[in-house]
Amino acid sequence: MTERILIIKLGALGDFVQAMGPAAAIRAHHPQAHITLLTTPAYAELGRHAPYFDAVWVDERAGWTRPWALFALARRLRGGAFDRVYDLQTSDRSSLYFHLLWPRHPQWSGVAAGASHPHANPDRDRMHTIDRQRDQLAMAGIDAVPPPDVSWAATDISRFRLPDRFVLLVPGGSRHRPEKRWPAGRFMRLASFLTNIGLTPVLVGGSDDIAAGAEIARDCPAAYNLIGRTGFGDLVALGRACFYAIGNDTGPMHLIVAGGAPATVLYSAASDPGLTAPRGARVTILRRADLGDLPVEAVAATLPLR
């Protein structure tokens, strides 16, 4: 009988990208298994393109105000008849799903009370996401976990008609976390600097970044403003093609770095790069308690111009 595996990874985008290394390791460890990914609507399509999963289920993250939806998920999870679950979310919510599977609990890798393969490292909350998940899988019998690879998601970006040497600028982030944004005026000055040395600025981001992008593009007409025009796969492809990338601590930077871009990522005191930063051989982290104190010159100095 075919082994049935469930992987739980709900979000956010950076966390989802960093879970692709563990997903590859789980697939290699269970080569003949039927593997299902449980994720949220935002990442379902990305999951369907990944080579690690045979099926993708969507979790609407229903709360107790919608008990019927939670019960429907419980029925679906029980009907999945999973032999083992790898909970890569390791949140209170995903641990609840372990208990929804009562009375037949599958083998479970995670932090749920009663899990057969608990991640019993008392320092887990002080570990970088990649290290924490590698440690979790090691305790479940999987020793080799590669870095996250999202090359399979890359799209054809020829429609953007970009020049050969361009620098991706990611000036945005969540509208609810303005303290994680380097001021738009600094990105303007950086874009002008890039233009003066023969590099084309290319702006990328989501709907929350449209105003910042328009402001930067207005000040630097040579910039290509792709904000609101790129999907996840486009960001991967842009990361593969760019000369360099510079951006705030935000999900798109994880896709760009995983695509292979050399990059500088900007951090404030609002988040800890030791726990969440994208990793790569050519990734530089710049951090200031207040990003308003980070000068353009310090960021420009990280470009590999020699």
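For the chain, what does the helix formula give at 222 nm: sum of -39500 (n - 2.57) over DSSP H segments with n ≥ 4, over the residue count, nearest 500 deg cm²/dmol?
-10000 deg cm²/dmol
Run the numbers for THR302 and ILE210: contour at 0.36 nm per residue of separation, minus the present Cα-Cα distance, in nm.
Length difference between fully extended and current span is 30.5 nm.
Given the C-alpha atoms of segment 69-119, compute the convex hull and give its volume per residue in Å³.
So the per-residue Cα hull volume is 68 Å³.
Hey, can you grab everything whose amide H is under 5 Å from the amide H of TRP108? Only 5+ residues off in sequence or another chain; H modelled, so Pro and N-termini drop out.
VAL85, SER116, HIS117
Can you list which of the trypsin sites (Lys or Arg not before Pro) found in segment 134-234 are DSSP loop residues with at most 16 other C-beta atoms within 10 Å?
Passing both the DSSP loop test and the Cβ count: ARG161, ARG165, ARG175, ARG229.
Residue by residue through segment 104-116, what is 3J(HN,Hα) from phi via Karplus (6.51 cos²θ - 1.76 cosθ + 1.60, θ = phi - 60°)? Round to whole Hz and write x for glycine and proline.
So the Karplus estimates, Gly and Pro as x, are 9, 8, x, 4, 9, 9, x, 10, 5, 4, x, 4, 6 Hz.
Suppose we flag GluC sites (Glu not before Pro) only when DSSP calls them loop and at most 15 other Cβ atoms lie within 10 Å. Which is the longest uninterrupted stretch of the chain?
My reading of the result: 61-306 is the longest stretch.
Taking N as the number of residues in segment 213-306, what is its Cα Rg relative to 2.2 N^0.38 Å?
This ratio for segment 213-306 stands at 1.09.
Can you give the angle from 0 to 90° between the axis of helix 129-139 and the longest principal axis of the chain, with both taken from C-alpha atoms, to the nearest 10?
The angle comes out at about 20 degrees.
Please report, in Å, the Rg and the Dmax of the chain, where both are computed over Cα atoms only.
Taking only Cα atoms of the chain, I get Rg and Dmax of 20.6, 66 Å.
Ranked from highest to lowest mean number of other Cβ atoms within 10 Å per residue, what is the order of the peptides 256-262, 7-13?
With the highest mean Cβ count within 10 Å placed first, the list reads 256-262, 7-13.
In Å and from the alpha-carbon atoms only, list the Rg and Dmax of segment 4-149.
Spelled out, the Cα radius of gyration and Dmax of segment 4-149 are 14.1, 41 Å.
To the nearest Å, what is the center-to-center distance of segment 107-149 and segment 215-244, using C-alpha atoms only?
Centre-to-centre (Cα) distance: 35 Å.
Would you mind calculating the relative contact order of the chain from Cα pairs under 8 angstrom and at least 6 residues apart, reporting the percent as a whole number?
Result for the chain is 16 percent.
What is the angle, in °, between the Cα long axis of helix 20-29 and the longest principal axis of the Cα atoms in the chain? Nearest 10 is fine, range 0 to 90.
Tilt of helix 20-29: around 40 degrees.
Please report the orientation-averaged projected area of segment 153-300, defined via the convex hull of its C-alpha atoms, in nm².
Its Cα hull, projected and averaged over all orientations, spans 7.8 nm².
Can you tell me the equivalent ellipsoid semi-axes for segment 135-234? Use √(5λ) from the Cα gyration tensor, largest first, whole Å.
31, 18, 13
Given 5 Å bins starting at zero, what is the percent of C-alpha pairs of segment 147-202 in each, up to the one with the largest pair distance?
The percentages, shortest bin first, are 4, 15, 17, 16, 18, 19, 10, 0.
Angle check, please: helix 184-196 long axis (alpha carbons) against the longest principal axis of the chain (alpha carbons), in degrees 0 to 90, nearest 10.
Around 60 degrees separate the two axes.
Values in this text are rule-based calculations from the coordinates and carry no lab data. From a predicted model like this one, the values you see are computed outputs, not experimental measurements. Here Cβ is always computed from backbone atoms with ideal geometry, including for glycine, and neighbour counts include all displayed protein chains.
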